[in-house]
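S.K.: This is the structure I want to talk about, given as structure tokens.
The values are calculated or read from the model by the stated rules, or taken from the named source; none is laboratory data. Here the structure is a predicted model, which means the values were calculated and not measured. Cβ sites come from the backbone with ideal geometry, for glycine too, and all protein chains shown count toward neighbours. Accessible surface areas use protein heavy atoms only, side chains included; no ligands, DNA or RNA. Shrake-Rupley method; radii C 1.70, N 1.55, O 1.52, S 1.80 Å.
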Amino acid sequence: MENTVPSQLEQRLIGHLQVLYPNRDATELARNCLTTFNLDPKTESPRPHRNLWDQSDIMLITYADTLRSEDEAPLETLQKFVKTKLINSISAIHLLPFFPYSSDDGFSVMDYTSVNPASGRWHHISEISKDFKVMGDLVINHCSSRSMWFENYKSGIDPGAKYFYEADPNADLSAVVRPRTSPLLREVQTKNGTKYVWCTFSHDQIDLNFENPDVLLEFLRIIRLYLEKGIRWFRLDAVAFLWKIPGSPSINLPQTHEMIRLLRLVIEHYAPESVIITETNIPNQENLTYFGNANEAHLIYNFSLPPLLINSLVTGNCKHLKQWLMSMPPAQQGTTYLNFIASHDGIGLRPTEGLLTDWELETLINTMKRFGGRISSRTTPEGEAKPYEINISLWNALAGSVQQGPDQWQFARFYCAAAVMMSLEGVPAFYIHSFFGTENDLDRVDNTGQFRSINRHIWKMEDLEHALNTPTHHQKVFNAITNLAQIRRAQTAFHPNATQYILHMGDNLFAFWRQSLDRRQSLFAIFNITDQPQSFNLSELNLIATDDWTDLVTDTVYEDHLAKVTLMPYQFLWLANKKGKVKLVE
């Protein structure tokens, strides 16, 4: 590069680097970043506050190898399944870590640049990206103790010699916030003597040292590779823990936010349609900070939704769910929420802090145990073991109620939960097992010794096809949710940034109003979240008298705008003044 006045892109990059690396030449480092990313410094900035999504966006969350067939790469099996069975129900696929790994079902990455041969090859992912938006995990906080980088670290050679965060075992690290109970530091014998490396999650997952700008450059190379392979959505895994300062909580530090802003800057200049999602399983108000000023994450996970929605459905009371949603700021244009109820992990409990009382949380935990769930714990700074997440499949989590235990309303409750998620402001994301109503996999827990395995079942395609083609609850769930997703994708009132207003209809009816960005479609979503019939009067909704109002799910027309309506247990309405037309891909 010529030694000229820095471009606007370079100037912005220099600003981020000066905060992160005050003792380095930020101008030179900025140019190294741009060269590494193959980015022209004169690249124009994308228009801010663009919504890179609409109501048609629904995400599938899946491991690369959840579906398996004989003599076929799992990624190829997955591609065939989504193209034939889900093409009209989803638009995006979150492929959980598909790299060679040593533990944690992929989140202990050994090589960021290759696809696990047991799952397939890069060309399989590129093929999937032709029909769907693909989100990949950037496992940015840590990597495997069996990676080449860590082997090089122990040998004192590059790349890797200074890639990992070391700490003094005698330092006061009691303030560090962690989601695990294992010791924070791991003793390691290296060429340069005994060292102690930082392990936020496990001793097989060694935290990377982003105080070393070479680590940043390494990850810029990795991100560029993913972009070249067709990945456009990036999930920054465990990013809240990225920057460490002994003596501090080492979570949500200003440098972490600065790093996210830097990564977004280069990614969106390379591919303006790219999207960044931060995975920060932390209390709600802390989570919201990752929007920044619409210059950090495009999307943040609504981590409080799973425990609060499940709690509402098993208690028959939506008070806390309503209060939480009323406290949530509408996402500004160019940002939105990622809504989910189930994931490859458990139901996080930290996001309930300040939302559920200790007694309510204990009741929820005991109910989930009754339905076959397991409980994972973390160690607080005071050394106390505290429940961190509930490990259970969504199908089992909604098996019954707090009062009655398992009952006959499991499917209705499950269907209602899916409908709530699809109705709320934001982009809905379905864990693949939520399409099938997959049960707790206790055998897998026994085999792996890991509680999270309970919700990581592996389906043989012949078994899944049989389950979906015969009268099972799997077939019933799949048909109901895929059909509902198709309806949802056609309604402009369900745009992720469409207006949302919570309605007050008591604690047994959960209801809210959505209105499309152009104000043409209004939609009232009303859910009976109890195991008893619940009635209300349409007069409570202030329906526009000159419009025709139809339930989009049943096609029932409500001509009498003052009529009394009774919803059966877990029944819901999508009452709209206009109906978007569902367009199916043949």
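S.K.: In degrees, nearest 10, range 0 to 90: what is the angle between the Cα axis of helix 358-370 and the longest Cα principal axis of the chain?
M.R.: It is inclined by approximately 80 degrees.
S.K.: Additional query: Set the bar at 22 Å for Cα to Cα. Now go through 80/460; 85/578; 369/476; 130/229; 85/130 and name every pair that lies beyond it.
M.R.: The pairs that break the limit, which is 22 Å between Cα atoms, are 85/578; 369/476.
S.K.: Another question about this same structure. In percent, how large is the relative contact order of the chain, given Cα pairs closer than 8 Å and 6 or more residues apart?
M.R.: Details: 1207 pairs, mean separation 75.5, N = 586.
The value is 13 percent.
S.K.: If you line up the long axis of helix 473-488 against the longest principal axis of the chain, both from Cα atoms, how many degrees apart are they, to the nearest 10?
M.R.: Helix 473-488 and the main axis of the chain meet at about 90 degrees.
S.K.: Sorted by packing (mean other beta-carbon atoms within 10 Å per residue), highest first, where do 155-168, 85-98 land?
M.R.: Working: 155-168: 16.6, 85-98: 21.2.
Those peptides, ordered most packed to least, come out 85-98, 155-168.
S.K.: With every protein chain kept in place and ligands, DNA and RNA left out, what is the accessible area per residue of the stretch 149-295? Probe 1.4 Å, answer in Å².
M.R.: Numbers: 5100 Å² over 147 residues.
Roughly 35 Å² per residue, with all protein chains present.
S.K.: Another question, if that's okay. Compute the convex hull volume of the Cα atoms of the stretch 8-104, divide it by the residue count, and report the result per residue in Å³ as a whole number. Before the final figure, lay out the partial values.
M.R.: Numbers: hull volume 19.3 nm³, N = 97.
Considering the Cα atoms of the stretch 8-104, their hull volume per residue is 199 Å³.
S.K.: Next up: Taking the alpha-carbon distance from residue 244 and a cut-off under 26 Å, which lysines remain once sequence neighbours fewer than 8 residues away in the same chain are dropped?
M.R.: List returned: 154, 162, 191, 195, 386.
S.K.: Turning to a different aspect of this structure: Counting only protein heavy atoms and a 1.4 Å probe, tell me what percentage of the stretch 457-517's accessible area is made up of carbon and sulfur.
M.R.: 49 percent
S.K.: Here is a further query. For the stretch 389-440, what is the accessible area per residue in Å², given a 1.4 Å probe and the full set of protein chains?
M.R.: Result: 20 Å² per residue.
S.K.: Same structure, new question: Once the dipole of the chain is set up with Lys and Arg at +1 and Asp and Glu at -1 on Cβ about the Cα centre, which of 387, 21, 263 lies farthest towards its positive end?
M.R.: Result: 263.
S.K.: Taking Cα atoms of the stretch 215-293, Rg/Rh with Kirkwood Rh, to two decimals?
M.R.: We get a ratio of 0.98 for the stretch 215-293.
S.K.: By how many degrees, between 0 and 90 and to the nearest 10, does the Cα long axis of helix 305-315 differ from the longest principal axis of the chain?
M.R.: Tilt of helix 305-315: around 40 degrees.
S.K.: Let me ask something else. Report the net charge of residues surrounding residue 346, where surrounding means a beta-carbon distance below 10 angstrom and charges are Lys +1, Arg +1, Asp -1, Glu -1.
M.R.: Details: positive: 374, 452; negative: 345, 389.
Taking every Cβ under 10 Å from that of residue 346, the sum is 0.
S.K.: At q = 0.18 Å⁻¹, what is the log10 ratio I(q)/I(0) for the stretch 382-479, with the Debye formula run over Cα points and no solvent?
M.R.: Summing over Cα pairs of the stretch 382-479 leads to -0.99.
S.K.: Could you sort 414-427, 184-197 so that the peptide with the highest average Cβ count within 10 Å comes first and the rest follow in order?
M.R.: Put in order of decreasing packing, that is 414-427, 184-197.
S.K.: Indicate, rounded to the nearest 5 percent, the antiparallel portion of the DSSP beta bridges found entirely in the chain.
M.R.: Taking every DSSP beta bridge within the chain, about 60 percent pair in antiparallel fashion.
S.K.: After finding the eigenvalues of the alpha carbon gyration tensor for the stretch 272-409, what semi-axes result from the square roots of 5 times each, listed largest first in whole Å?
M.R.: After scaling each eigenvalue by five and taking roots: 28, 17, 14 Å.
S.K.: Jot down the per residue volume, in cubic angstrom and as a whole number, of the convex hull over the alpha-carbon atoms of the chain.
M.R.: About 153 Å³ per residue, rounded to a whole number.
S.K.: Sticking with this structure for a sec: Please compute, over every Cα-Cα pair in the stretch 486-586, the percentage with a separation greater than 25 angstrom.
M.R.: 17 percent
S.K.: Still on this structure: For the stretch 444-543, build the convex hull from the C-alpha positions and give me its volume per residue in Å³.
M.R.: About 190 Å³ per residue, rounded to a whole number.
S.K.: Shifting gears a bit: Enter the Cα centre distance for the pair the stretch 284-312 and the stretch 44-89, rounded to the nearest angstrom.
M.R.: 22 Å
S.K.: May I ask which residue of 363, 431, 447 lies farthest towards the positive end of the charge dipole of the stretch 332-486, with charges of +1 (Lys, Arg) and -1 (Asp, Glu) on Cβ and the Cα centre as origin?
M.R.: Looking along the dipole axis, the top candidate is 431.
S.K.: Would you mind calculating the relative contact order of the stretch 47-204 from Cα pairs under 8 angstrom and at least 6 residues apart, reporting the percent as a whole number?
M.R.: Values: 243 pairs, mean separation 26.3, N = 158.
In percent, rounded to a whole number, it is 17.
S.K.: Sorting check: for 397-407, 522-532, which peptide has the highest mean count of neighbouring beta carbons within 10 Å, and how do the rest follow?
M.R.: Ranking, from highest mean packing down: 522-532, 397-407.
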